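The structure appears below as structure tokens.
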Amino acid sequence: MGGKTLYDKLWDAHAVRDNGDGTALLYIDRQLVHEVTSPQAFEGLRLADRPLWRVAANLAVVDHNVPTTGRDQGIADPISALQVETLNRNCREYGITQFGLLDRRQGIVHIIGPEQGATQPGMTVVCGDSHTSTHGALGALAFGIGTSEVEHALATQTVVQSRSKRMLIRVDGQTGPGVTAKDIMLAIIGKIGTAGGTGYAVEYGGEAIRALSMAGRMTICNMSIEAGARCGMVAVDDTTIEYLRDRPYSPKGELWDQAEAYWRTLVSDDDAEFDRVVTLDAARIKPQVSWGTSPEMVAAVDGVVPDPAQEPDETRREGMQRALDYMGLEPGTPIREIRPEKIFIGSCTNSRIEDLRAAAQVLRGKRIARGIREAMVVPGSGLVKWQAEQEGLDQIFKDAGFEWRDAGCSMCLGMNPDRLSAGERCASTSNRNFEGRQGAGGRTHLVSPEMAAAAAVAGHFVDVRELEH
Amino acid sequence: MEPLTQVDGLVAPLDRSNVDTDAIIPKQFLKSIHRTGFGPNLFDEWRYLDEGQPGQDCSQRPVNPDFVLNQPRYEGASILLARENFGCGSSREHAPWALAGYGFRVLIAPSFADIFYNNCSKNGLLALTLPASTVQALFEATWAQEGFRLAVDLPEQAVTTPTGERHHFDIDPHRKHMLVEGLDEIGLTLEHADEIRAYEAQRRAVTPWLFSDLDPA
């Protein structure tokens, strides 16, 4: 029998019981809770008169609905306000630690978990949000769940799961300058497709992944779901350990030593076998821009919008044509000639301090182009915002013509007032370019923070590597 | 949860691959704090010509006549025929709530996205997969014949056409059991509370830091 993969180690450490029907009860170490997918779960608990199994396993924050301006005046939309107030009330009633709207630790749930050290290697992490895969970057087993499972985890500290198949995505070699974690991930999704990871737990490895900061690894794991995989993960190494040191909720003293020793075992064994291995050559990855309405519809910045007529499969061809109609693009158009009108730098994919530094580096001493109607930066958390202000990044953004906002999910999905109008074209550092995702009729092009900043300056997509610093 | 055993229903064909949960139920309707009431906003951006708002009376809105569910022949459909990777994207359980609220009991596609697939079975909605070629044949039959119905038998794991053609489908025993019996999964899990507690005691000894309180930060 061969060695174990990281996924198998995490699974085996959390399997409470085998249900004997292909499923197991998997113990949950941390549940992150936000306002959108939890109210019905708490309502269910109340109706059945069930207590929380372990209150301290939960951490709550408001992020999806919150305004990114004028917060001291509260939430103008009464329906959003009620949802936020419902979370406040549920957290008070059940004693759950929550970062409220005016707490400086407030932010996007997948930013604040790692930032606070509340999500750690070796944990099982769930949240009623598909981007929970983000936390796998720490060497955790982290996946999104629905509201029924949120309720199940609150009441039992477990979820019912079937073991996934194992996939290794190995990115060998080194990326060139200007090529980021976002570009690597978009290239991966372009290669395996938006359902390529369905049924799999994905581990990302190889030299290019090892070279990434934790922020970059989180960007990669975050978008696992865009490749169909519920969870993505990266093995623990020195980068992971250093990231966790001295975080507010990281173990301290003796517990830290004990935890670190355990965390260092969280790697796939050399002889572990995967059900599927996908490899990419990092040196061949160029900055990516999505052109369609699925994250698999991506092209290199020096490429062109593809021609559906070249696609042999009928369903795919129709999908491409529908995407081009929606996006208002013609086949053969150079990506460089696509002109966004809005720029959004933010989301759980790309709103960490490293992302803001990278975008600011491109923008330093420059102005957004005349054709850009609105450009905004939405930091991932209040603490990211504070850090950026300490470094003077806010001034660079403002001088360039960007709006400097408060933390939240914002225009990634437009549940708050930040959204696209019909027909508006946006260069966005978020994760989904679905029809209507950023606003009904809105057109999303997914890019890295550097590429979003470069497009803001040029007024059209441009290879960030060619932009003069 | 209402048990689901046999469904004999009208079939509606949704001929698009990679239908995401943002399309199934757009974000503005996720602000609700209830489990019900999403049916009128199922596929809202495709179904109506205006931009929908929560709490609106949908009977007064301009409908998109080109959208398949707005065609009179599919009115009252309880079986949705779909393409691969149906339900991809966001984990929102509002998607199955909206599909069930509209009146669908069964979804048939070559493949479903993982989280969506799980969410369906928690809500008495059977998502079943058939080979792409079979699904294609069912699409053609649905288009060709107005009033095309299918009989779905979950205990027997079979989909039967009006002409008696029978297609077997696979489903894991756990999901099948939960759906057929309409069981409360939390109640079932809590029958194993002692095992969960024993696991916790053992883990607490090995990895004590995982059981630290979050407060004070």
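Rule-based calculations on the coordinates, nothing more; no lab input. Please read all numbers here as calculations on a predicted model, not as lab measurements. When we count neighbours, we look across all protein chains shown, and the Cβ atoms used for this are built from the backbone with ideal geometry, even at glycine.
Considering only DSSP beta bridges where both residues belong to the protein assembly as shown, give the percentage that are antiparallel (nearest 5).
30 percent
Counting each DSSP H run of 4 or more residues in the protein assembly as shown as -39500 (n - 2.57), what helix-only mean residue ellipticity at 222 nm follows after dividing by all residues, to the nearest 500 deg cm²/dmol?
-9000 deg cm²/dmol
Amide H to amide H under 5 Å from A:VAL33: which residues, 5+ apart in sequence or cross-chain, H placed 1.01 Å off N in plane?
Under 5 Å from the amide H of A:VAL33 lie the amide H atoms of A:LEU59, A:ALA60, A:VAL61, each far enough along the sequence or on another chain.
Which order results if B:HIS168, B:HIS174, A:HIS131, A:HIS64 are arranged by neighbouring Cβ count within 10 Å, fewest first?
Placing the least packed residue first, the sequence is B:HIS168, B:HIS174, A:HIS64, A:HIS131.
At R0 = 56 Å, how high is the FRET efficiency between A:ASP72 and B:HIS168 if r is their beta carbon distance? Nearest 0.05 is fine.
With a Förster radius of 56 Å, E is 0.35.
Once you've got the Cα coordinates, tell me which of A:LYS165/A:LYS191; A:LYS182/B:LYS31; A:LYS342/A:LYS366 are over 25 Å apart.
Those over the limit are A:LYS182/B:LYS31.
Can you pull the mean other chain C-beta count within 10 Å for peptide A:436-444?
So the per-residue partner count for this stretch is 4.
Would you grab the residues whose amide H sits under 5 Å from the one on B:VAL63? Only those 5+ places off in sequence or on another chain, please, with H modelled 1.01 Å from N.
Hits under the 5 Å cutoff: B:LEU49.
Can you give me the Cα centroid spacing of segment B:90-160 and segment A:180-201 in angstrom?
26 Å
Nearest 20 debye, what's the magnitude of the dipole of the protein assembly as shown about its Cα centre given +1 on Lys and Arg Cβ and -1 on Asp and Glu Cβ?
1000 debye
Once both axes come from the Cα atoms, what is the angle between helix B:193-206 and the longest principal axis of chain B, in degrees from 0 to 90, rounded to 10?
That works out to roughly 60 degrees.
For a quick check: with amide H placed at 1.01 Å from N, whose amide H comes under 5 Å from A:SER421's, ignoring anything fewer than 5 positions away on the same chain?
Here the answer is none, since no amide H 5 or more places off falls under 5 Å of that of A:SER421.
Report, largest value first, the span of the C-alpha coordinates of segment B:89-186 along each principal axis, in whole Å.
Projected onto its principal axes, the Cα set of segment B:89-186 covers 42, 27, 22 Å.
Relative to the present Cα-Cα distance, how much length would full extension add between B:THR160 and B:GLN202 at 0.36 nm per residue of separation?
Taking B:THR160 through B:GLN202 to full extension adds about 10.1 nm, to one decimal.
Highest mean first, what order results for B:155-163, B:25-33 on Cβ atoms within 10 Å?
By packing density, highest mean first, the sequence is B:25-33, B:155-163.
For a label point 7 angstrom out from the Cα of A:ALA56 toward its Cβ, which stretches of segment B:182-207 have the backbone nitrogen within less than 18 Å?
Residues passing the 18 Å test: B:197-207.
Distance in nm between label sites at A:ASP18 and A:LEU255, each 7 Å beyond Cα in the beta-carbon direction?
Placing both labels 7 Å beyond Cα along the Cβ direction yields 3.4 nm.
Using θ = phi - 60° and the Karplus curve 6.51 cos²θ - 1.76 cosθ + 1.60, what whole-Hz ³J(HN,Hα) does each residue of segment B:67-77 get, with Gly and Pro shown as x?
Calculated HN-Hα couplings, in order: 6, 4, 5, 8, 6, x, 5, 9, 5, x, 4 Hz.
Mind checking which aspartates and glutamates have their Cα closer than 14 Å to the Cα of A:LYS4? Skip sequence neighbours fewer than 8 apart in that chain.
Within the straight-line cut-off, A:LYS4 pairs with A:ASP12, A:GLU203, A:ASP269, A:ASP270, A:ASP271, A:GLU273, A:ASP275.
Under the definition of partner shielding as Cβ atoms of other protein chains within 10 Å of a residue Cβ, what is the mean value for peptide B:145-154?
What the average comes to for B:145-154 is 0.
Counting other beta carbons within 10 Å of each residue's own, what order do B:ARG204, A:ARG30 fall into, fewest first?
B:ARG204, A:ARG30
When A:VAL159, A:VAL33 are ordered from fewest to most other Cβ atoms inside 10 Å of their Cβ, what list results?
Ranking A:VAL159, A:VAL33 by Cβ neighbours within 10 Å, fewest first, gives A:VAL159, A:VAL33.
If the cut-off is 25 Å between C-alpha atoms, which lysines fall inside it for A:LYS252, apart from same-chain ones fewer than 8 positions away?
Reachable lysines: A:LYS9.
Dipole of chain A (Lys/Arg Cβ +1, Asp/Glu Cβ -1, origin at the Cα centre): which of A:ALA360, A:GLY176, A:ALA15 lies farthest to the positive side?
Checked the options; the winner is A:ALA360.
Which whole number gives the average, over all residues in B:106-119, of C-beta atoms from other chains lying within 10 Å of the residue C-beta?
Shielding by partners across B:106-119 averages 4.
Between A:GLN174 and A:GLN361, what FRET efficiency follows from the Cβ-Cβ distance if R0 is 25 Å, with the result rounded to 0.05?
About 0.80, to the nearest 0.05.
Taking 0.36 nm per intervening residue step and subtracting the Cα-Cα distance, what contour gain separates A:LEU102 from A:THR279 on full extension?
59.3 nm
Can you classify segment A:228-329 as rounded, prolate or oblate using the Cα gyration tensor, where a ≥ b ≥ c are the square roots of its eigenvalues, rounded means a/c under 1.5, and otherwise it's prolate if a/b beats b/c and oblate if not?
Since a/c reaches 1.5 and a/b is larger than b/c, the shape of segment A:228-329 is classed as prolate.
What do you get for the angle between helix B:132-144 and the principal long axis of chain B? Use alpha-carbon atoms, 0 to 90 degrees, nearest ten.
Rounded to the nearest ten degrees, it is 40.
Using θ = phi - 60° and the Karplus relation 6.51 cos²θ - 1.76 cosθ + 1.60, list the HN-Hα couplings for segment A:404-421 in order, rounded to whole Hz, with x at every Gly or Pro.
Each residue's phi maps through the Karplus curve to give 10, 9, 8, 6, x, 6, 6, 7, 4, 9, x, 7, 9, x, 7, 7, 8, 8 Hz.
Can you work out ³J(HN,Hα) from phi for every residue in segment B:120-127, in order, using Karplus 6.51 cos²θ - 1.76 cosθ + 1.60 and θ = phi - 60°, giving whole Hz and x for Gly and Pro?
Computed from phi, the couplings for segment B:120-127 are 4, 5, 7, 10, x, 10, 8, 9 Hz.
Going from the alpha-carbon gyration tensor of the protein assembly as shown, what semi-axes, largest first and in whole Å, does one get by taking the root of 5 times each eigenvalue?
Semi-axes (√(5λ), whole Å): 35, 32, 25.
With r as the distance between the Cβ atoms of A:ARG465 and A:ASP313 and R0 = 41 Å, compute the FRET efficiency 1/(1 + (r/R0)^6) and round to 0.05.
The computed FRET efficiency comes out at 0.75.
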